[in-house]
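To start, the structure under review is shown below, and the notes come after it.
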């Protein structure tokens, strides 16, 4: 039995890195001219020359970098400011409660919702239009603005809740609550005290999630296609267009561009890392200077307003989608549709059964595999604490899928699974999902798992229980809440996967998301509304179960109500 | 827990091997097109995975209907793989070729035309020729509708079967536009008095490129040169009138030409939001359907240009490594049958015009075509006016590349 | 890990020249025997390796320490065994009751599997609760107990696991003065009654004097002095 635990980290790394390397190879080779299927038989730099001749390439790269960096910096700032200003208050608890519904909204659905909010013909403008009696929307650019600010807003709205969730996981391990109290009793203002004492302790733990946000934001495709400018578009969107070009020779150039995209992400992470070192150096001086900063009313208000806007955008956006899904004809500038109709819902519902089953089976299988592997890795790490360095070894490799732009290895991954003869099977789709699901499950569970008081394990062992019995009867029950939360996060990630499901599954497994994306191509807001709502419901059910099960299971155990 | 891990692992590995083996579908021999009965026999029991754009519920429903008919008539199961972009199907076939899958591929049939077809044909990714040997091909109007055998001027060479006609038509909100402009020049003049009230999807989107081709066909000195590959003429000189036209139009577009809708379907939503007054599409029936689905106000009507508008044909093709070639051939043949074509032309179902010749099909079927009610906002085939031929794909590539240089990067 | 084991004594807990060092710096060097029913106190300031020593005895010492010497329990060497096979019970200053189990569940968890039959196990649990003066508490949620009650449950939990030795890691430091005295007596009585060799680590001279046993003062200078008591 310990043998299987022993192999868990290795197996996990192989399952993560194997497909990635194969996928990456499938991108690197065509970038340098090798793709015999399309007649590319020898090394050449033609793809690179074609790429650099593309008009506006530098603008695309710059756009990807600036929007990614800005979105990450703002998301990080908002979450830190909000936690600093409000940890331990009712507002903080309230935010924790609306977290699940916000996390459940898929990125693309949130982007559609936000687009409808901020477009010149959207809800916000309609408020003024109704007051001012305008009958046509202003001819101004809000969505798809040249600076990519709409894209930044859309990303921030979705990344703030994610980083908030990660911070919530990190706070207990860093003893955030008590540290904060000490700072308060030393006369520090809430915010300044938190930044000087808690932030340095939790930052190492939320660093990886921040990198993941940075990598995602700089290479996002679906959100960018809705909110980003198109003249030119960010690099990742253009890569997708080149990959979709009827002229198949463009695929060589797209592969080269995918490597550039990878370079952009690596560069941004390096930049952030360098900046972080700089801040750490000056921050220490700032902390030791002893400034108390007790007049902080406006800063706290800013934290609350920023968090409120981020949460409000997603919630209002999904509300907008819900309204669209039952709207009859809806004319500008009416705030609500003139007629209502459930006709389209009734037409779609009967066909949804298979979609839902496929989504749940694929997501369920991927998340079960992921949680088994993750728990096994973490359990092994804890068991071995006595005999080996508590180092995490090569396990950092499992975060690589988070940092690599999906688009840079999807084609190679497809070839890889086809080569194995596994393409089109449920197993391959599940394995492909696993590549994206597992890192998030690990990210969600690692902190709470490592934060569990090791003396519980020691006590149980010294009572004569075997390590396996200790795991099943003590460790796992104590971690019920974070384990279920990690499962819910993983499931939500799986539900949102489009390209891996379609390409690796060869279209054999229609899910809510594959159908939603296909129908979104028809641009009918009512259909987008219906599928956006449906895509949100499944993860929401997941988060709901993750909250309800421990509440029911431990309804008579007061000591289990708070995370330990 | 390791015990459970062990069990799950074993189950996963077992499952993997099981499904892995089952996915290695036995190679399907190319159907003998000289013997239709043999084709039917071979097709029976096959499952055809049809990769088709899935953005329109009406079309998905039509495909589902065709699937049911195939099951009843020929024992062939049809499964639509709904795509957001036909390129994903092409990508699938390319990746299989890269992995050396010469048989038992994932894609059995693709809804395709134009540049995608040209590229797959050029790279040897298609099965065939097979189209002309199918029983219903004899009803196809290859004379009156030459685009059924010349896809964007590229000869289909029996590699793809026609299954629907498309013609560019415009639509306007009659409550806002009194007299719609009926030519490219008239549209430009109208835009000067209504700045910001028209736009086109950003090329290389299919609809956006089609609009540019429409303008090109109208403003070019000699439309005949567009039927030949671009290299054969002095391309820059031929295209010059288009750039002159666009230079005038660009500052008058919606958002001053700094932003564009993503695709043709987006034009409908913009119309409903009162962002624009005139839109266009490749399916005149789309407007009636959109009104019925509350997407457009019921004051919207279709119109065409007096000098004619671009027309083309939609096709279905079979990849070189398809697993169910016979089944796909039978499906393609069924799609060309009067029964399937009639249903397709019915605006209540889809509203896509038939590829068949009314003089060739049995009179009983012809009467049914004549009896179709086309809906308030749909022009009858007779009112659609002259069909202009699509330029050779090489022109499109030139136009798209040059457009990207001039307008793809906002100043 | 251990070097040159000598022939062990046959009763009690024997620490045979146990030297713990970290990064080359020696924390402690202990050589002592705790007889059955005897309570030995280890006293000393923080950082002299008291807790590390206890962790080493029960097999839960974290990686990074270098240890020489051997630990023998009733003649069997145990410092190379995994913790669950050492038969050494440990009490920390926190009660560490499992919050997801009832009071009875916590106790039953400790009860060896060789005691079979639901009725017999329930009876053993109930008997332990009676000993702790908590009859009828089996179904209670640990979180609803008072500090003193929780501490007593923790002791009974250790005793139910039928250890052959008992380690106490400042188990009284979190209790208030009155409760502390009472509870201390309870623990020592239980340990003596079961004839357990008991090793206690504490800062508090009162704890030490209450044992009536030997007191070993551990100093940072790596020396040791044995005082009577």
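Here are the numbers for this structure:
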read-out: Residue, farthest from the other protein chains (Cβ to nearest Cβ), within region A:87-122, restricted to residues that are within 18 Å of the chain's Cα centre (by Cα) and part of a loop (DSSP other than H, G, I, E, B); value: A:105
read-out: Residue list for region B:179-205, filter: within 14 Å of chain A (Cβ to nearest Cβ) and touching a helix residue (DSSP H, G or I) at 6+ places or on another chain (Cβ under 8 Å); value: B:191, B:195, B:196, B:197, B:198, B:199, B:200, B:201, B:202, B:203, B:204, B:205
read-out: Counted residues, region A:476-500 - those being within 11 Å of chain B (Cβ to nearest Cβ) and either more than 30 Å from residue C:60 (Cα to Cα) or buried (at least 22 other Cβ atoms within 10 Å of the Cβ) (or both); value: 2
read-out: Residue within region A:346-365 that is within 14 Å of chain B (Cβ to nearest Cβ), touching a strand residue (DSSP E or B) at 6+ places or on another chain (Cβ under 6 Å) and either without any contact (Cβ under 8 Å) to a residue 40 or more places away in the chain or assigned to a helix (DSSP H, G or I) (or both) present; value: no
read-out: Matching option when the condition is surrounded by 20 or more Cβ atoms within 10 Å (Cβ to Cβ), within 11 Å of chain B (Cβ to nearest Cβ) and assigned to a helix (DSSP H, G or I), among A:84, A:129, A:157; value: A:129
read-out: Unmet criterion (only one of (1) in contact with a strand residue (DSSP E or B) (Cβ under 9 Å, 6 or more places away or on another chain); (2) within 11 Å of chain A (Cβ to nearest Cβ); (3) under 24 Å from residue B:313 (Cα atoms)) for residue B:106; value: (3)
read-out: Cβ pairs under 9 Å, 6+ apart, first in region A:1-21 and more than 9 Å from chain B (Cβ to nearest Cβ), second at pLDDT 80 or above and assigned to a loop (DSSP other than H, G, I, E, B); value: A:19/A:409; A:20/A:409; A:21/A:409
read-out: Flag if residue A:263 is surrounded by 14 or more Cβ atoms within 10 Å (Cβ to Cβ) and within 22 Å of the chain's Cα centre (by Cα); value: no
read-out: Subset of region A:448-467 (residues that are more than 10 Å from chain C (Cβ to nearest Cβ), surrounded by fewer than 23 Cβ atoms within 10 Å (Cβ to Cβ) and in a helix (DSSP H, G or I)); value: A:450, A:451
read-out: Candidate set: region C:153-184, residues that are part of a helix (DSSP H, G or I) and closer than 13 Å to residue C:96 by Cβ; chosen: the one farthest from the chain's Cα centre (by Cα); value: C:153
read-out: Flag if residue A:411 is closer than 26 Å to residue A:260 by Cα, in contact (Cβ under 8 Å) with a residue 12 or more places away in the chain and at the interface with chain B (Cβ under 8 Å from one of its Cβ atoms); value: yes
read-out: Residue tally, condition in a loop (DSSP other than H, G, I, E, B), within 23 Å of the chain's Cα centre (by Cα) and over 12 Å from residue B:312 (Cα atoms), over region B:148-201; value: 7
read-out: Total residues in region B:109-132, condition in contact (Cβ under 8 Å) with a residue 24 or more places away in the chain, surrounded by fewer than 18 Cβ atoms within 10 Å (Cβ to Cβ) and either in a helix (DSSP H, G or I) or within 12 Å of chain A (Cβ to nearest Cβ) (or both); value: 2
read-out: Some residue of region B:171-178 being away from every other protein chain (no Cβ under 14 Å), touching a strand residue (DSSP E or B) at 6+ places or on another chain (Cβ under 6 Å) and buried (at least 21 other Cβ atoms within 10 Å of the Cβ); value: yes
read-out: Filter pass, residue A:431 being surrounded by 24 or more Cβ atoms within 10 Å (Cβ to Cβ) and more than 8 Å from chain C (Cβ to nearest Cβ); value: yes
read-out: Single match in A:389, A:383, A:424 (criterion: assigned by TED's automatic domain parsing to the domain that holds residue A:452, in a loop (DSSP other than H, G, I, E, B) and modelled with pLDDT of 80 or more); value: A:424
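Rundown of residues vs (1) within 13 Å of another protein chain (Cβ to nearest Cβ); (2) closer than 22 Å to residue A:469 by Cβ, yes/no style:
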| position | (1), (2) |
| --- | --- |
| C:17 | no, no |
| C:21 | no, no |
| C:40 | no, no |
| C:92 | yes, yes |
| C:120 | no, yes |
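The values are calculated or read from the model by the stated rules, or taken from the named source; none is laboratory data. Note that the structure is predicted; figures quoted are calculated from it, not measured. Glycine also receives a Cβ, built like all others from the backbone with ideal geometry; neighbour counts cover every protein chain displayed.
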